[in-house]
Amino acid sequence: MQLRRTGALIGIAAMLGLSVQVAAETLAEDAKKYRVSIMTTLKGHIGAASMTVRGLVDDNGQLAGHAAGLVSGTAELNNIFQEGSAVDDSEALPSIWEQPEKFAAAMKQAQEATVAFQEAVAGGDSEAIGAAFRSMGKSCGGCHDDFREEHDH
Ligand code: HEC
């Protein structure tokens, strides 16, 4: 996984006489920012889904929407961990790029867990929904344990 368009931008930067490092750094910052946006989206959907699953709020049909958001957010995991994008107080650990197979397995686990949650929601059985929700939560935490720096938020 490389930062896309880096080659083209380096070419443009060279033509304009700009420092190559500046162009590459800007891209890395955007990649990091986008990654955090996706993660924040996942957090919003899982938080709202959790309240619905626990019965703290009524399900007016929104649970299926949160499940869909979790499926599409985790599908994007494959595109948001460009090597060199751990910049700007990123909590992404070097292990992401040092252990690509283990990291790919963590992404796949989350993708499968969110699809299973979406299917459980469609099925409508509250016990199955609760079990699928817990597995999904573990898939987030499992990746964070190995690939995200300790954090205080
Ligand atoms: C395959 C690994 C992986 C999976 C799966 C994963 N995350 Fe993350 N997550 C990360 C990494 C790495 C970071 C740190 C990103 C950074 O700072 O550059 C992160 C950061 C975050 C953040 C902090 C964003 C911020 O404000 O800095 C939240 C919130 C988050 N993840 C929520 C979730 C939720 C919810 C799920 C499950 C639905 C999930 N993540 C699944 C790897 C993962």
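Nothing in this text is a laboratory measurement; each read-out follows from the coordinates by a stated rule. Predicted, not measured: the structure shown is a model, and the values here were computed from it. As a convention, Cβ positions derive from the backbone with ideal geometry for all residues, glycine included, and neighbour counts pool all protein chains shown.
Values as computed for the structure displayed
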{"item": "Pairs beyond 20 Å (Cα-Cα), from Lys32/Lys138; Lys33/Lys102; Lys108/Lys138", "result": "Lys32/Lys138; Lys33/Lys102"}
{"item": "Burial ordering of Val57, Val71, fewest other beta-carbon atoms within 10 Å first", "result": "Val57, Val71"}
{"item": "Radius 13 Å from Cβ of Val71, net charge of other residues (Lys, Arg +1; Asp, Glu -1)", "result": "-3"}
